[in-house]
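One structure below.
The values are calculated or read from the model by the stated rules, or taken from the named source; none is laboratory data. As the structure is a prediction and not an experimental result, all values here were calculated from the model. Ideal geometry is used to build each Cβ from the backbone, glycine not excepted, and the neighbour counts take in all protein chains shown. For the accessible areas, the whole protein counts, side chains as well, though only heavy atoms, and no ligand, DNA or RNA atoms are used. Shrake-Rupley method; radii C 1.70, N 1.55, O 1.52, S 1.80 Å.
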Amino acid sequence: MAIPHMIPYTHWAYFTDEETALRCAQDLPDFVTRISETVHPDYARLLLAGRDVDVEFLEERHQEVQAIVTRNGGHYDGGEATYLDGVPLADPTLLGGTP
């Protein structure tokens, strides 16, 4: 059995209002979530949702989160891993830092 390669991973989703973004965040209980205003011309709120993920199952996590976002009326904009000097780390925005 292979040892999982876990990395912190952050998903991005846009919503037209805060209430909808909050409802979506409630559907992601295993994630650290942050909701903020956005400058996106079509949306009022950005939802970031992060957690550690085994890279072997990354595509499945994308599909899972995309389905939840879509079900809640949002626009799923993908995800990303943040690296510093080649080492994956949690997105500073999720930890209360500045984007």
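When you go through 23, 71 one by one, which is the residue that is open to solvent by 90 Å² or more (accessible area, probe 1.4 Å) and touching a helix residue (DSSP H, G or I) at 6+ places or on another chain (Cβ under 9 Å)?
Working: 23 fails: touching a helix residue (DSSP H, G or I) at 6+ places or on another chain (Cβ under 9 Å).
Step by step, each of 23, 71 is checked, and only 71 is open to solvent by 90 Å² or more (accessible area, probe 1.4 Å) and touching a helix residue (DSSP H, G or I) at 6+ places or on another chain (Cβ under 9 Å).
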Within the range 61-79, does at least one residue satisfy the condition of being more than 23 Å from residue 15 (Cα to Cα) and not polar (S, T, N, Q)? no
Output for Cβ contacts, cut-off 9 Å, separation at least six or different chains, first residue in contact (Cβ under 8 Å) with a residue 12 or more places away in the chain and more than 15 Å from residue 31 (Cα to Cα) in the range 70-91, second of a type in the set (Gly, Ala, Ser) and open to solvent by 80 Å² or more (accessible area, probe 1.4 Å), reads none
Would you mind telling me which numbered condition in (1) surrounded by fewer than 17 Cβ atoms within 10 Å (Cβ to Cβ); (2) touching a Ser or Thr at 6+ places or on another chain (Cβ under 9 Å); (3) among the charged types (D, E, K, R) residue 51 fails? (1)
What number of residues within the range 55-87 satisfy the criterion of being at pLDDT below 90 and in a strand (DSSP E or B)? 5
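Collect the residues in the range 1-55 that are among the acidic types (Asp, Glu) and touching a residue at least 12 places away in the same chain (Cβ under 8 Å), keeping them in residue-number order.
Start the filter on the range 1-55 by keeping residues that are among the acidic types (Asp, Glu), which leaves 17-19, 27, 30, 37, 42, 52, 54.
Correct list: 17, 18, 27, 30, 42, 52, 54.
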